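Values quoted throughout were computed directly from the atomic coordinates according to the rules given, and no laboratory measurement underlies them. Fair warning: this is a prediction, and the values are worked out from it, not measured in the lab. Here the Cβ is made from the backbone with ideal geometry for all residues, glycine too, and neighbour counts use every protein chain on show.
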Amino acid sequence: MTSTTGAPNVDGRTTRWAGHRRELLDAATSYALEVGVAELTLRPLAEAIGSSIASLNRQFGSKDGLVREVCQDLHSQMVRSLAESWTETSGQPAEVLRALWDLWLAPEYDRQFTFLFELYGMAVRHPERYTWFADSVVRDWMAPLEKALVANGHPADQARTVTTLVMAIIRGLRLDLAATGEVSRVDLAYDMALTILEPRLNAR
């Protein structure tokens, strides 16, 4: 479409986000966390954040592309929080995992975990469509703890096994919390799990 002067009409909603991809992803993420994966469609999203479908398609390619970027961005933030926990504590694995759990137990993480669990179900149902999800939610989350345990003197195979168990406990208890909202019970269960695991976490 062109204007009366012959110049192409440019949608102001598109130019608003030009060169601001990070801000666009942040706005889209906030909306996606609010509505969830199943209810996410591009037209209402574009209207809600003051963008356009053309701009979203240009940046993310499709709804699936957007969901993938939102998910991987959330994972990156959570993986960073795990890595940062090693520098903010004494570095003892059990202490780090306690600090990380306290962080992830905060209410502001509820929407992130709900979004990821919704994707988990979709990835199990349609693995061919979400092949990237297993790499992101399993291997990316494991890497910081696994590397830290190896650096702490654990054999590589033991570090991987312990990390697999710890991540499974965190995901399982956070899923329980998402379903029940029973913070105290879930928190006590995590404390017990760490107490049981501590000798293995600190073993070299």
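Which value in deg cm²/dmol, rounded to the nearest 500, describes the helix-derived mean residue ellipticity at 222 nm for the chain, given -39,500 (n - 2.57) per DSSP H run of n ≥ 4 and division by the residue count?
-23500 deg cm²/dmol
Counting Lys and Arg as +1 and Asp and Glu as -1, what is the net charge of the other residues whose Cβ lies under 11 Å from the Cβ of ARG139?
Working: positive: ARG160; negative: ASP135, ASP140, GLU146.
With Lys, Arg at +1 and Asp, Glu at -1, the neighbours total -2.
I want to check the label-to-label distance for ALA189 and SER30. Put each point 7 Å from Cα in the C-beta direction and report it in nm to one decimal.
3.3 nm
How far is helix 183-202 tilted off the main Cα axis of the chain, in degrees rounded to 10, range 0 to 90?
60 degrees
How big is the charge dipole of the chain about its Cα centre, in debye rounded to the nearest 20, if each Lys and Arg gets +1 on its Cβ and each Asp and Glu gets -1 on its Cβ?
Taking the Cα centre of the chain as origin, the dipole is about 540 debye.
Tell me the label-point distance for the pair GLU198, GLU182, using the 7 Å Cα-to-Cβ offset, in nm and rounded to one decimal.
Computed distance between label sites GLU198 and GLU182 equals 2.5 nm.
Under 8 Å for C-alpha pairs, at least 6 residues apart: give me the relative contact order for the chain, rounded to a whole percent.
In percent, rounded to a whole number, it is 18.
So for the chain, taking the charge dipole from beta-carbon charges (+1 Lys/Arg, -1 Asp/Glu), which of ALA54, LEU82, TYR109 sits furthest toward the positive end?
Of the candidates, ALA54 comes out farthest on the positive side.
What is the extension gain from ARG160 to ILE53, computed as 0.36 nm multiplied by their sequence separation minus the C-alpha to C-alpha distance, in nm to one decimal?
Separation in residues times 0.36 nm, less the Cα-Cα distance, equals 34.2 nm.
Roughly how many nanometres apart are two label points built 7 Å out from the Cα toward the Cβ at ARG21 and VAL138?
2.9 nm
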